[in-house]
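Just below is one structure, and these are the notes that go with it.
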Amino acid sequence: MSNNRRSPLLSIIIAVIVVLIVAIIWWFKPVNNSNAFSQADSITLDNQANANTVNKASSDSNMSQQSNQNIIKFTTGLERLPRSLQGTDVDGEIIIDENRQLVITEGLRRLFDYFLSALGEEEESAIYARVESYIRSHTPEPAASQAVVIFDQYVAYLKAIPEIEKKYGTLQLQATQSGELDLSVVAQQKQDVARLRQQHFDKETITAFFGTGDEYDDYSMEMVRISQNSQLSEAQKDAAKQDYISRMPDNATKTNIAQQANLNELMTRTEQMQAKGATPEALYNMRRELVGAPAAARLAQVDQADASFDKRFKQYRAQKQQLLKQSTSQSQVQIQINQIEQQLFNDSERKRLTGYAALQQQKAADTN
C-alpha cells in the first residue's frame with residue numbers, strides 16, 4: 001500500500017522538477033543566444049573592418065608605391081637625387097659646437113634651400129624625408145634633432161610667405177607706376193615679414209638666416225630713398241650714398257657693397273673716359289685707384305681683347321655688306337659669309353656676333 005501511494009507522489013515531484021528545469025533553460029536560453037550572436041557579429045564586423053583596412057592600405061600602398069618607396073628607404077638623403085640635383089655638391093653646412101649643440105648659420109638655411117629647390121620634381125614628403133635623413137646621417141645628437149626642428153619651422157615659414165606677397169604684390173605694382181617706388185609700402189611689407197619670422201623662429205635663427213639679406217634690403221632702400229630725393233644734387237646724392245656705406249658695420253656685407261659701388265663707379269668712369277679718348281695708361285691709373293693694380297691689369301687685357309674683336313667685327317661687317325650686294329645666289333653668299341666668320345673669329349667669338357651686331361645697331365640709333 002505504502003509503495004503504491006509513494007509512486008504517484010514521486011511522479012508528481014519528478015514532473016515538477018522537469019518543468020522547473022525546462023523553464024530555467026527556456027528563461028536563460030534567449031539571453032545566452034543573444035550574447036553569443038552579438039559577440040559573433042562583433043567578431044565578424046571587426047574582421048571585416050580589419051580586412052577592409054588591410055585592403056585599403058594595400059591599395060593605397062600600390063597606388064603610391066613609386067612615390068613612397070623613396071621616402072622610406074633614405075639612409076643619407078642623397079640616394080636617387082632628382083635630376084636638377086644630380087651631379088651637384090650639397091650647398092650649405094651643418095656646424096656643431098664642442099657640446100654637440102647646433103650652431104645656427106646662414107649655411108644651414110642654404111642647406112635647406114638646396115633640397116627644397118627640387119620641389120616639383122619631388123613631393124614635399126619625399127623632400128622632408130630626404131632632408132631629415134641627410135641631417136641625421138651627418139650630425140650627432142642633440143644637434144641633429146635641433147636641425148630637424150628648425151627645418152620644420154622653415155618649411156612652415158615658407159608656406160606662409162605667399163600670403164604676404166599676395167597682399168602687397170598689387171600695391172607695390174601700383175606704387176611703381178608713377179615711376180618711383182613707394183618706400184612706405186615696402187617698409188610695411190618688411191614689417192609683416194618680420195612679424196611672421198618672429199612667429200616661427202627665435203632671434204638667433206632670424207639673425208643667422210635673414211640678417212645678411214636684411215642688410216642688403218636696408219641698403220637698397222636707402223639708395224632708392226637718396227636717389228628719389230629731388231632736393232639733392234647728383235653730387236650730394238653720391239656723397240650721401242658713400243656716407244651711408246661708411247657708417248655700416250664692418251662685415252662681409254659692407255665689403256661686398258663697397259666693391260659693388262666701386263664697380264658701378266668704375267663702369268661709369270670708364271665709359272666717360274673712353275668717350276673722351278682716354279689713353280690706356282689713364283684708364284689703368286683710374287682703375288688702380290678704384291679696384292687695385294691686379295684688377296686694373298686684368299681689365300686692361302679685357303680692353304685689348306675687346307678692341308681686337310671690335311676691329312675684326314668692323315672688317316667682317318664691311319665684307320658681309322659687300323657680299324650681300326652681289327647678285328649671286330643667297331646660298332653661295334651665305335657660304336662665303338661663313339668662311340669669313342671662321343677666318344676672323346674663333347668658336348666662342350662667333351657666338352657673340354649676333355648680340356654684338358645688335359648692340360652696335362642700338363648704339364648707332366641712340367647716337368642719331
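Considering only the stretch 319-334, I want to know if a residue exists there that is open to solvent by less than 70 Å² (accessible area, probe 1.4 Å) and under 43 Å from the mean Cα position of the chain (by Cα). Within the stretch 319-334, none of the residues are open to solvent by less than 70 Å² (accessible area, probe 1.4 Å) and under 43 Å from the mean Cα position of the chain (by Cα).
Somewhere in the stretch 356-365, is a residue surrounded by 12 or more Cβ atoms within 10 Å (Cβ to Cβ) and modelled with pLDDT of 90 or more? Within the stretch 356-365 (the criterion being surrounded by 12 or more Cβ atoms within 10 Å (Cβ to Cβ) and modelled with pLDDT of 90 or more), the answer is no, since none of the residues qualifies.
Tell me, please, whether a residue that is farther than 16 Å from Asp306 by Cβ, hydrophobic (A, V, I, L, M, F, W, C) and outside any loop (DSSP other than H, G, I, E, B) can be found in the stretch 344-354. Scanning the stretch 344-354, I find no residue that is farther than 16 Å from Asp306 by Cβ, hydrophobic (A, V, I, L, M, F, W, C) and outside any loop (DSSP other than H, G, I, E, B), so the answer is no. Between Ala160, Ala175, the distinction of being open to solvent by less than 40 Å² (accessible area, probe 1.4 Å), at pLDDT below 90 and either in contact with a strand residue (DSSP E or B) (Cβ under 8 Å, 6 or more places away or on another chain) or assigned to a helix (DSSP H, G or I) (or both) belongs to Ala175 only. Pairs are defined by a Cβ separation below 7 Å, a sequence spacing of at least 6 or placement on different chains, a first member in the stretch 68-84 that is closer than 16 Å to Leu116 by Cα, and a second member that is at pLDDT below 60; the pairs so defined are Arg80/Asn70. Inside the stretch 185-208, residues that are open to solvent by 60 Å² or more (accessible area, probe 1.4 Å) and either touching a His at 6+ places or on another chain (Cβ under 6 Å) or under 16 Å from Leu158 (Cβ atoms) (or both) make up a count of 3. Of all the criteria given as (1) assigned to a loop (DSSP other than H, G, I, E, B); (2) in contact with a strand residue (DSSP E or B) (Cβ under 8 Å, 6 or more places away or on another chain), the one not satisfied by Arg100 is (2).
The values are calculated or read from the model by the stated rules, or taken from the named source; none is laboratory data. Here the structure is a predicted model, which is why all the values come from computation and not from measurement. Because the Cβ atoms are built from the backbone with ideal geometry, glycine has one as well, and the counts that use them run over all protein chains shown. Accessible surface areas use protein heavy atoms only, side chains included; no ligands, DNA or RNA. Shrake-Rupley method; radii C 1.70, N 1.55, O 1.52, S 1.80 Å.
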